[in-house]
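Note sheet for the following structure.
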Amino acid sequence: LTSAPELPATTLAPYCYYSMFVGCTRLNAAPALPATDLAENCYKSMFYGCTSLKVAPELPATTLANQCYGMMFAGCTNLAAAPVLSATNLANDCYNGMFVSCTSLTSAPVLSATILANNCYNGMFNYCINLASAPELPATTLKPGCYAGMFMNCTSLTSAPELPATTLVD
């Protein structure tokens, strides 16, 4: 598979595109994903292992669902830029492992949410070995596991972002 079909849906159902293109190593362009009404696990692992994918699709949703973007681009070793992540209403595990092993990623997207959810950024950039800078993390309300392993194995990072939250959680 070298090109993806159009996916024009704007309202998604649970698991609808889950693992859809896993292992499509020749897929070099992602389809447009215009949905703004997400559902649990809707895009989870969608492009996992798509090693030729260089550009991520726009992700316009501002309110997320549980695990909606989990592992979405994991193993996309040629992904050079992350999509804009404008969501401000997060859900549990929403970005969990989203960019694991995206070894060509050098900068992280802006993360503007100030109220986090359980495990929302858990392992988000794990093994992004060329990630040179961390995004600002403006959250003031934290939840358990929200930053767990977020930058684990990011061997090119030289500084950590400021964490303005004054009350810590597990």
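Tabulated results
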| item | result |
| --- | --- |
| For region 135-140, 3J(HN,Hα) per residue [Karplus equation, 6.51 cos²θ - 1.76 cosθ + 1.60, θ = phi - 60°, Hz, x = Gly/Pro] | x, 5, 10, x, 4, 10 |
| Segment Asn89-Thr2, extension gain: residue separation times 0.36 nm, minus the distance between their alpha carbons | 27.9 nm |
| Inter-centroid distance (Cα atoms) of region 112-131 relative to region 91-106, Å | 7 |
| Order of exposure, largest accessible area first, which applies to Met20, Met71 with probe 1.4 Å | Met20, Met71 |
| Cα-centred dipole magnitude for the chain, charges only on beta-carbon of K, R (+1) and D, E (-1), debye, nearest 20 | 320 |
| Solvent exposure, largest accessible area first (probe 1.4 Å, DNA, RNA and ligands not counted), of Lys143, Lys54 | Lys54, Lys143 |
| Listed residues Ser45, Ser159, Ser133 arranged by accessible area, highest first, probe 1.4 Å | Ser159, Ser133, Ser45 |
| Theoretical FRET efficiency, 1/(1+(r/R0)^6), r = Cβ-Cβ of Ser156 and Ala81, R0 25 Å, to 0.05 | 0.95 |
| Accessible area per residue, Å², the chain with all protein chains present, probe 1.4 Å | 46 |
| Positive-end residue, the chain charge dipole about Cα centroid, Cβ charges, pick of Leu157, Pro138, Asn78 | Asn78 |
| Selection from Ala108, Met46, Leu27, by position along the positive dipole direction of the chain (Cβ) | Leu27 |
| Calculated Cα Rg over 2.2 N^0.38 Å (choose from (1) 0.97; (2) 1.30; (3) 2.95), label | (1) |
| For region 90-170, alpha-carbon Rg relative to the globular expectation (2.2 N^0.38 Å, N residues) | 1.01 |
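The values are calculated or read from the model by the stated rules, or taken from the named source; none is laboratory data. Here the structure is a predicted model, which means the values were calculated and not measured. Because the Cβ atoms are built from the backbone with ideal geometry, glycine has one as well, and the counts that use them run over all protein chains shown. Calculation scope for accessible area: heavy atoms of the full protein, side chains included, ligands and nucleic acids excluded. Shrake-Rupley method; radii C 1.70, N 1.55, O 1.52, S 1.80 Å.
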